[in-house]
Every structure is written in structure tokens, then in C-alpha cells.
1. Count, please, the residues in region A:16-50 that happen to be under 23 Å from residue A:87 (Cα atoms) and touching a helix residue (DSSP H, G or I) at 6+ places or on another chain (Cβ under 7 Å).
2. If you go through region B:227-246 one residue at a time, how many are in contact with a helix residue (DSSP H, G or I) (Cβ under 6 Å, 6 or more places away or on another chain), without any contact (Cβ under 8 Å) to a residue 40 or more places away in the chain and either more than 15 Å from residue B:213 (Cα to Cα) or surrounded by 24 or more Cβ atoms within 10 Å (Cβ to Cβ) (or both)?
3. Could you please let me know if residue B:200 is in contact with a strand residue (DSSP E or B) (Cβ under 6 Å, 6 or more places away or on another chain), surrounded by fewer than 24 Cβ atoms within 10 Å (Cβ to Cβ), part of a helix (DSSP H, G or I) and on the phi < 0 side of the Ramachandran plot?
4. Being under 21 Å from residue B:256 (Cβ atoms) and at pLDDT below 95 is the filter here, so list the residues in region B:77-107 that pass it.
5. Quick test for you: out of B:31, B:53, B:38, pick the one residue that is at pLDDT 90 or above, over 20 Å from residue B:145 (Cα atoms) and crowded, with 18+ Cβ neighbours inside 10 Å.
6. Which residue pairs have Cβ atoms closer than 8 Å, lie 6 or more positions apart in sequence or on different chains, and pair a first residue in region B:175-195 that is within 12 Å of another protein chain (Cβ to nearest Cβ) with a second residue that is modelled with pLDDT under 95 and crowded, with 18+ Cβ neighbours inside 10 Å?
7. If only one of A:278, A:297, A:291 is buried (at least 23 other Cβ atoms within 10 Å of the Cβ), within 20 Å of residue B:259 (Cβ to Cβ) and at pLDDT 95 or above, which one is it?
8. Among the residues of region B:184-197 satisfying the criterion of being touching a helix residue (DSSP H, G or I) at 6+ places or on another chain (Cβ under 7 Å) and within 14 Å of residue B:236 (Cα to Cα), which is surrounded by the fewest Cβ atoms within 10 Å (Cβ to Cβ)?
């Protein structure tokens, strides 16, 4: 009897292809794929070192060698099942012509746009040129990843990006953008339509350059009232999913309407995403029952548990695995890694998930 | 035939007593009672004038004549169905011995407490003395209100107040307070237990001074994961409701776990509140079906619509009235009045609600 030349797949990893893609194809896998939102970030010493070398944050996103290095750092350290491109959702308004800056410790600062005059300053003329380095970074990462590691491209969803475009940065009450959306919806929808178009273009180009999965971050979906959630989160997402289905039908899409709460179900029903990102507030049993029959789940460990580590981290990670591991599922945090996270706690989590026997 | 000496009650207002108390008693009323969260605030010119005269914000809360004047301003202007005491949730940590300051435009600043050493600095020794002016203000307002207007006292719920105590102000990621709560829950629960005790005391004293309804604001309930929501929002609220039931059983309690989303149902089931405040994201039909059979609803107009006014305001206000007006219901915003609100739009809303024929 001859020994097979390729090693036998381990239990739970016997299927063909990358774990992330299998989960997104609706498959239930022995142990779920794992990656971490903001896995390349300030909690990693190698990232802080790179950041110090790199100059500005936007420059880092737009310099392929730096973006590639940041993208690969956590993959090398933790053997995660996916790399997510190191970039930012605000490269889209930048490419549309808005002034965008990242000041240390204060978050992004944009020259706010909240009327037709401001809208007239935005356009797609320079889009390709400005974002060429991003697609170059995607192509480089795609050629460098380990065999089992999938590459995720991403963009901000139109509502969330619009909130930065209009408010000029992060906001506490979203008063300006909501007032525009509610008071002059026809006018505001011109901004949203432009962002839909730019987002489709941006994601399709990442897919063409080698991204195998696309994620849409709608970080501020939770501040919308019921009707506005449908209009400014669900509908634009559905349109993006529909158009991407025409140009890159084989690339699955993860939608993440963070904080959507009672709106998650409508989001899943109506948008056509292959997976939904869930924040830590989402009840485990509820999501297994109501959402998982319709699409893969991704989430939802509280990032604070990655700061805490130890027994509390293990207990909640195992609860999530038990609740969602029986269906298509991607283990992740419910929100980005906190800068105070000890890197060894991320390693603990990787071990817990890899050791899990569903 | 003799004309009755008291005027006949108008249609829809024929019952005994104040509309707010009737709604909280589970009654469905012809047109619902109305008040506005943060109804005394910067959108009112008379408030800005008072604020300029008053010196600091905390001083304003702790000087009865100023707190009384601010409380009465919106009631006088709009003939609302309730007055809510002008105060702040952070008077509780102040009374427990924490340094609290309000700097113009930057929100509250507290000397943060995040360990047992810090906890040891807090205590109830000075509680009564420090808050005596608040109860004096309640008593004065109670004696001055129009006959049909109910007086609401309030406090922050323990989780929300704890987040300020620990983070030292408003937070973007709640990293410090969540890390404490998740990593050393026994220790953190000493803070929460102290806040439960202080909150019961604070609310009971407001009731004794003349508050007819009590509201608990849990503004940051939405950042908690499922298990933590039960532990730090639902359980402390239930305990406060239970203890208040012993000392002032006739005073109804409105709980407002803002952003609770999929957790609202558990909150209503388990806490025993007489009404639940709902934020703008809560779907109307869902709440009518799942929550209203169990308690009165309060909410949930998006405050941005009060900035917009006109047809958009009327349309959504009427949608809410149609969905919730058939059961016990208190019309309100889903979040505080925005400073950019034109005062005449609040008057429009009052007219819409008062004119509604259920």
C-alpha cells in the first residue's frame, strides 16, 4: 500500500478549498474559519513600528508595499484563515475628490459636504488613478498569501461613508447627515447613488485584482430609524450586491450593518448577502434560529474579551462556537480589535477556535 | 336642565387624572400624552439665556430656583403633559464623592475610577446633603405645575452611570469599563451595587418630594453583549424596580435601555417596568405586537425630524400614532432634542399629537 503523496486532510478540514470560502458557500465545517476585524492594527508592535516608519495613515493605505506589509502581519503571526486588505473606508470619498486627513488620535477629518454645491465637487473622474495603488496592493497580497488563506477586500457601505462625508468625521448624534437624509431625501440620494456606484467600482476592482471575498461595513446602521434603515442601509446594499452579482458573480459578500438589532432580519432577507456580520449585542440562539438558515453568520465576540483573555475569553468563545458552529459560520469579533489588546490573547483565541470539535 | 359646573371633559380626555399617569396605568387614551426628552435645553432661547446667567451646568442642577425655572420653561411654552426635572444623571456620582465637571462643548469630565482603590473613595455619607437642592427643586416644581401636568423624576441606570464613572466621560469604545466588567466582574459589581443603592435612594427621594413618575436612562445599554446586557442592564434595573416597589409602590417607572434592539423584549419581560422607552430604530409593528401587551410604550420619533419639521415630521408622527395609539402609549422622541431644533417645530409636533383622533 502506497502512502498518498498529499497528506490526508484533518478531521473537519476534509473539503476542498479555503475554509472561509466553504463557510460562505453555506457549508458547515468541523471548525469554523477565523479572522479578526482590524486584525492589522495598533495592538501589534510590528504594526506600530510600520506605522511610525510610514508617515501618514492615508499614505500607508495608498503605498502598496506598506499596505501589503500591514495586511500580511497578522496572517504571519497567527495563521488566520483570511487576510483583509489593509485600507480604510474613507479612500472612497478621497478618490471622489473630497479632502480627507487622518490626524493622530483624533480620527478622520473631512471637508464636510452637505448641499448640492458640495456634491458638485465630487466625481469619479480621478477615481481609478487615485485608487490604483490599492488594487496593486490587493494583487501583491493575493500572490503572497499561504495556500489556505483567503483574501478579503472591503468598502464602507453608502450610509456609513455618507455620514463621514457629511459630518466631516465621526459624529455623536449624526444630526447633519440625518437632517439632510430626512429633510431633502431626493438630494441626499444623489450622494448615496454616487457612493453606490463608487462602491461597486471599488469592490469589483478589488475582486478583479484578487480579492476572493468582499465585506461591506455599515458601522453606523444602528442610528437609523426603521424606515431610514430600509432606505439608506438595506436598499443601497441590495443594489451593490445586485450589481456585483453581474460583474463578479463568484465572489461572496459579507454585509455588516453593525448595531442593526431588530433590523438584522430584514437586512438578511432583502440584501442577498452570503454572510452577515453580527455585533456583540446579537443574541446567539436567536441568530442561529432566524438568520443562519438564510446565510452564513460572522461574529460576534466582544473585543473587550480579547483584552481580558483567560477563562472569560474561552467561555464566551466556546458559547459562540456551540451556538453557531453547527451551521455556516465565520468566527470573528463583533467589532474591531481594541488597541489595548495583548497580542497573546489573539493567539489564545486562535487556539480555542482551531481546537474546537464541532 | 342645569349646566354642569365643571366643563365636560373633551373626547379622549374623559378619564380621571393626568394623561401620563393613565397611560402608565395601562389605559389606552384618545390621544396619547406627550413630552420630549431633554425638553429643557439649548434649542430654547429662554434656556440659553438662563444658562448664560447660571454659571456652571452642575451649579444649575444644584440651585433649586434655576433647576425649577429650567424645568418649567418647556411646559409653559408648549403645554406638555409632563415636566421632567431639570437635572443630570451625573449628580449621583457627584453625590457619591467623585469629582464631576461639565466643560463647555466637551461634555462631562470625571476623575475616572477603575479599581478598588478608586471605589474606596466613593460612599453615601454625603449623598443626602449634596443632593438636598435637587429634592427641593422637585418639591417646588410639584407645587407649581398646571393641574394636568405630571412630574417626572429620573436617574441614570447603573450601567450607564458606571460607564461615566469608569471612563471619566463619554467614550467611543467603552474599552475600560467593559474590560473591568468582563475581567473582574465581582469587583465591578461592587460599583454597580453601590449605584443600585444610590439610584434607589435618589429616585425614592424624588418621589417623596413630589415626582409622580420615575424614568431610568440606560443610554449605553446597546453596547453590551447579550450576557452582559442581562447582568449589567436587566438585573440592576429589576433590583431598582423591586426596591422602589417597596418604598413607593404607586409611582410608575419608565425604563429606557436605549439601543437595546433584540434585548428590548427581555428587558420588558424581566424588569417589571410600567413603560419602556424605545429608540428610533425600533420597528413600530414589532413593538406594538411584542411589547405593548406587556407595558406602555414611550417614543420613538427621530429627533432629526424635529429639526426638519413640516411634512416629514407629520408623516412619521402619524405613523407612530397609528401604530401605537391603540394601546397604552406616551408620545416622545427616541433620543434627546437636538440643539439645532427650531422651537416652532416642537410646537408643530404638539399640535399633531393633540389633534390626533385615535
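The values are calculated or read from the model by the stated rules, or taken from the named source; none is laboratory data. Computed from a predicted structure; not experimentally measured. Here the Cβ positions follow ideal geometry from the backbone for every residue, glycine too, while neighbour counts run over all protein chains shown.
1. Counting residues in region A:16-50 that are under 23 Å from residue A:87 (Cα atoms) and touching a helix residue (DSSP H, G or I) at 6+ places or on another chain (Cβ under 7 Å) gives 12.
2. Qualifying residue count, region B:227-246: 3.
3. Values: in contact with a strand residue (DSSP E or B) (Cβ under 6 Å, 6 or more places away or on another chain): no; surrounded by fewer than 24 Cβ atoms within 10 Å (Cβ to Cβ): yes; part of a helix (DSSP H, G or I): yes; on the phi < 0 side of the Ramachandran plot: yes.
No.
4. Result: B:107, single match.
5. On the way: B:53 fails: crowded, with 18+ Cβ neighbours inside 10 Å; B:38 fails: over 20 Å from residue B:145 (Cα atoms).
Just a single option satisfies the conditions, and that option is B:31.
6. Partner pairs satisfying both residue conditions: B:176/B:114; B:177/B:114; B:180/B:114.
7. Details: A:297 fails: within 20 Å of residue B:259 (Cβ to Cβ); A:291 fails: buried (at least 23 other Cβ atoms within 10 Å of the Cβ).
That would be A:278, the only listed residue that is buried (at least 23 other Cβ atoms within 10 Å of the Cβ), within 20 Å of residue B:259 (Cβ to Cβ) and at pLDDT 95 or above.
8. Quick first cut of region B:184-197, residues touching a helix residue (DSSP H, G or I) at 6+ places or on another chain (Cβ under 7 Å) only: B:187-188, B:190-192, B:195-196.
From the residues that got through so far, the ones that are within 14 Å of residue B:236 (Cα to Cα) too are B:188, B:190-192, B:195-196.
Numbers: B:188: 22, B:190: 14, B:191: 24, B:192: 21, B:195: 26, B:196: 20.
The extreme case among them is B:190.
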